[in-house]
Amino acid sequence: MAGIATPVFSDPELKMVYIEADSASAVRKLAGMGLDIAAVREADGPDALRQAYRVEAVVSASDEAVLRKAGLKWTVAEQTGLRATAMATAAETVYHSFDEPGVGIKDQLYDIAETYPRITHLETIGYSIQERPMLAMRLTKNADDDDDDDDCYGGDGDDDDCKPQVLYVATHHAREWVATQMAMRLIKYLTANYGSDRRVTRLLRTTEIWIIPVANPDGYNYTFTNVRLWRKNLRDNDGDGVITNADGVDLNRNFDSRWALDNEGSSRVFGSGTYRGAAPNSEPETQAVVNFMQRHDFKFAISYHTYGNLILYPWGWQFRTPSFDDPIFLAQAGTDENPAIYDSLRSEGYNPGVGADLYITNGDFTDWSYAAAGVPSHTVEFTDGYDFRFPDDEAMVQTVFDDSLEFALSVAESARHPERPKSPVGIAAEDINHTPVTVSYGS
Ligand SMILES: [Zn+2]
């Protein structure tokens, strides 16, 4: 594995800011500037007729210069000066990096595979730029069987070989630690309860669950060792051998679906938080996920992110037309009045809807998964109001998992009859008319 020089890191400074936007078009303009927008909130406008917004974003010094030039006003969120090392030390109890020996995500996955050989199988589906393994865990009864769909058609007739498959992917975005926690806790929940809990046992007997806890292992690890608020992968965009704010590709804008459709849904600028890469599927991390999905026949997929209390489904690239499967998505995700996930920490429901409204995205995983791979997919943005410095509090992280478990299990249980999805909120897909859902935000 020689030939790749290890880049030097200069610890680029990133901070969380709140920007005032006096209209919806001002929000779109911010997105068009390539700003790394984390959340958009309604705020009091200058008068009763005009809705204003507060845009929460992660910015570099050059982003701030652009904002200043555009005459915008912003405030810096508290605590952003905290250095990565301090964060990593504070994170010792709940969060772990990818690499940390023994307790890091990589070693945890190897340990689980060793402990539960009958119901788990760990596969390396590719390698990141820095040659970290892209790990996918398969959970099902007889998981070590040959993973060959051909057996479904004229094979030995063993039902185990043609179980429907579902996929969970977490942490395309490096700093979204709670997403990886969700994936790891789902793995632990399924392994611990198989054989004792009827629902889990039945699920693993009938369905094949695949979980990728870290879709961006380089970036994720970097948020523990260097820069807590890093979002992208570690592509050295300008080839100068140093990782700076000019580097990294936003893996959730790199997929080959409407890639580079416009500069609002993704950016062509190296230093932008939403830099889409030099070409569609240019990044090894993207290629690993694409090739993996094309080798399988997933019925559904969920992509986990933080934050915003959202359940988003296609399309992200435009907001005028709902997708053909809108009734299925709606049955799974629920409605504003009756959402599939309720946030116990904030005492409010998640907001389900189409992935594009106030600003759009292109080249993201969910749109690609649905349009190119034919897999209906949801993006979940976990609990709101803690941004990327979610407290290092075991009970709180477990609450996020508990809140989201029913939605995760229901989507898996829908795989056997996708046209009649299991709705965690009791909505039947066939009863739903095609009505566009418009109350939502981009991912
Ligand atoms: Zn994200």
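The values are calculated or read from the model by the stated rules, or taken from the named source; none is laboratory data. This is a predicted model, so every value here is computed, not measured. Surface areas here come from the heavy atoms of the whole protein model, side chains and all, with no ligands, DNA or RNA. Shrake-Rupley method; radii C 1.70, N 1.55, O 1.52, S 1.80 Å.
For the listed residue pairs Lys299/Lys422; Lys29/Lys69; Lys106/Lys141; Lys188/Lys422; Lys29/Lys73, the alpha carbons are over 20 angstrom apart in Lys106/Lys141; Lys188/Lys422. For Glu285, Glu419, Glu413, Glu348, the ranking by accessible surface with the largest value first comes to Glu419, Glu348, Glu413, Glu285, using a 1.4 Å probe.
Heavy atoms of the protein chains alone define the surface here; on that basis the range 159-239 has 24 Å² accessible area per residue at 1.4 Å probe size. Only protein heavy atoms count here; under a 1.4 Å probe, Trp317 has an accessible surface of about 60 Å². Rolling a 1.4 Å probe over the protein heavy atoms leaves His417 with an accessible area of roughly 50 Å². Counting 0.36 nm for each residue step from Glu406 to Ala77 and taking away their Cα separation leaves a gain of 115.1 nm.
Summary value for the chain: 17 percent relative contact order, contacts being C-alpha pairs under 8 angstrom separated by 6+ residues.
When the square roots of the Cα gyration tensor eigenvalues are ordered a ≥ b ≥ c, the ratio a/c for the range 8-83 is 1.5 or more and a/b exceeds b/c, which makes its shape prolate.
Per residue, the range 8-83 exposes 55 Å² of solvent-accessible protein surface, assessed with a 1.4 angstrom probe and all protein chains in place. Taking all protein chains into account, the per residue accessible area for the range 338-391 stands at 25 Å² (1.4 Å probe).
Quick check: at a probe of 1.4 Å, how many percent of the accessible area of the range 8-83 sits on carbon and sulfur atoms? Reported share for carbon and sulfur atoms: 51 percent.
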